[in-house]
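Reading through the structure tokens given below for one structure.
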Amino acid sequence: MPDDDRWGLRRAESRRFPSPAALAADTGHAARLSVYLTDLLSPHDLTLTPGALDPVRGQSYGEMAAELLPSSPIDLLVLAYDVPDISPGRAVSTYLTHICPGQPMSFAVSDQGRAAAFTALSLIRTYAATHPRALLIAVEQADLPYDPGVPVTLPAAHAAIALHLDAAAAAALSSVTVLPDTSPSLDVLSGLEGLDATTVILGGGLAGYAEDVKADRVVLADPAQPMTGVWESLAGLDLAASGRVAVADYDPGLRYLCVAAFG
């Protein structure tokens with residue numbers, strides 16, 4: 001962490017994308033994507049859903065994230081996602097480095113379910129002393145052209161959020177916790193109580209605990225957006241008027257309990 005205790009969240013923004021990616025109109029890409037996914041799925045006895053790529057309905061994380069890049073230079077960019085991209089041949093974080101002011105160091109966090117953005121935020125915090133101007137972009141697209149063979153919760157909409165972090169923060173980032181192998185009924189209330197938050201944002205995995213949370217204000221995130229919902233709610237707050245803010249969610253499949261505290 002930097003010596004300046006003001007480092008944290010300067011602003012948050014969110015955006016939804018009502019249409020498929022521009023890349024979806026490329027019939028050549030659809031044909032290549034069909035071959036690629038078929039080859040990946042066949043060893044697992046899985047197949048593409050008939051007609052799922054005619055046309056392609058998903059979003060490109062490169063296209064989505066590019067809409068949220070800052071106009072001034074940054075030092076670090078971290079992309080967080082869960083649902084696979086419809087453009088698997090692109091190294092998205094490398095592409096974003098190329099087009100982002102400052103050509104920041106970048107990497108991606110995936111395979112963490114709803115915890116992906118929390119894990120990314122924790123990693124950004126560890127880099128803050130040397131890379132203080134940071135950007136977290138979390139993205140989720142709503143189309144999966146095959147049955148993965150295991151229960152999954154797809155988002156209802158293509159959505160992206162951006163957290164801009166630096167030493168001129170509106171709300172200092174005081175802690176980020178990702179706890180594995182947890183039960184919300186045993187762990188979430190005690191964890192939130194210890195933060196003494198004024199405003200608590202609960203993701204869909206914790207909506208049932210809203211009446212038990214001790215805070216001046218409890219905000220329920222959109223449960224139809226498994227990963228970006230809590231951060232969309234954060235982007236909708238007036239940080240200066242919200243006091244200490246805790247953002248919390250639970251991934252029931254992976255049993256991760258996630259809490260981030262600001263202010």
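The values are calculated or read from the model by the stated rules, or taken from the named source; none is laboratory data. None of the values given here were measured: they were computed from a predicted structure. Virtual Cβ from ideal backbone geometry, glycine too; neighbours counted across all protein chains shown.
Within the set of pairs 6 or more residues apart or between chains, which connect a residue that is touching a residue at least 12 places away in the same chain (Cβ under 8 Å) inside the stretch 190-204 to a residue that is crowded, with 23+ Cβ neighbours inside 10 Å and among the hydroxyl-bearing types (Ser, Thr, Tyr) with Cβ atoms less than 8 Å apart?
ILE201/SER233; GLY203/TYR250
Looking at THR27, is it over 27 Å from THR126 (Cβ atoms) and among the β-branched types (Val, Ile, Thr)?
In short, yes.
If you go through the stretch 46-58 one residue at a time, do you hit one that is buried (at least 21 other Cβ atoms within 10 Å of the Cβ), at pLDDT below 90 and more than 30 Å from ARG244 (Cβ to Cβ)? Can you show your working first?
Looking only at the stretch 46-58, we keep the residues that are buried (at least 21 other Cβ atoms within 10 Å of the Cβ), and these are 53, 56, 58.
Still in the running and at pLDDT below 90: none.
Checking the stretch 46-58: not a single residue is buried (at least 21 other Cβ atoms within 10 Å of the Cβ), at pLDDT below 90 and more than 30 Å from ARG244 (Cβ to Cβ).
Go through the stretch 94-114 and report how many residues are among the hydroxyl-bearing types (Ser, Thr, Tyr) and free of Cβ contacts under 8 Å to residues at least 24 places away in the same chain.
2
Taking the condition of being in contact with a Ser or Thr (Cβ under 9 Å, 6 or more places away or on another chain) and either crowded, with 19+ Cβ neighbours inside 10 Å or not aliphatic (A, V, I, L, M) (or both), how many residues in the stretch 139-164 meet it?
12
Any idea which of LEU202, LEU220, LEU179 is among the hydrophobic types (A, V, I, L, M, F, W, C), surrounded by 21 or more Cβ atoms within 10 Å (Cβ to Cβ) and in contact with a strand residue (DSSP E or B) (Cβ under 8 Å, 6 or more places away or on another chain)? Spell out how you get there, then give the answer.
Details: LEU220 fails: surrounded by 21 or more Cβ atoms within 10 Å (Cβ to Cβ); LEU179 fails: surrounded by 21 or more Cβ atoms within 10 Å (Cβ to Cβ).
Going through LEU202, LEU220, LEU179 in turn, just one is among the hydrophobic types (A, V, I, L, M, F, W, C), surrounded by 21 or more Cβ atoms within 10 Å (Cβ to Cβ) and in contact with a strand residue (DSSP E or B) (Cβ under 8 Å, 6 or more places away or on another chain): LEU202.
Identify all residues within the stretch 77-127 that are of a type in the set (Val, Ile, Thr) and in a helix (DSSP H, G or I); write none if there are none.
VAL92, THR94, THR97, ILE99, THR119, ILE124, THR126
Go through the stretch 69-85 and give me each residue that's surrounded by fewer than 19 Cβ atoms within 10 Å (Cβ to Cβ) and closer than 30 Å to LEU53 by Cα.
Once the filter is applied, which keeps residues that are surrounded by fewer than 19 Cβ atoms within 10 Å (Cβ to Cβ) and closer than 30 Å to LEU53 by Cα, the stretch 69-85 yields LEU69, PRO84.
Tell me which residues, restricted to the stretch 86-138, are surrounded by 15 or more Cβ atoms within 10 Å (Cβ to Cβ) and aromatic (Phe, Trp, Tyr).
Those that are surrounded by 15 or more Cβ atoms within 10 Å (Cβ to Cβ) and aromatic (Phe, Trp, Tyr): TYR95, PHE118, TYR127.
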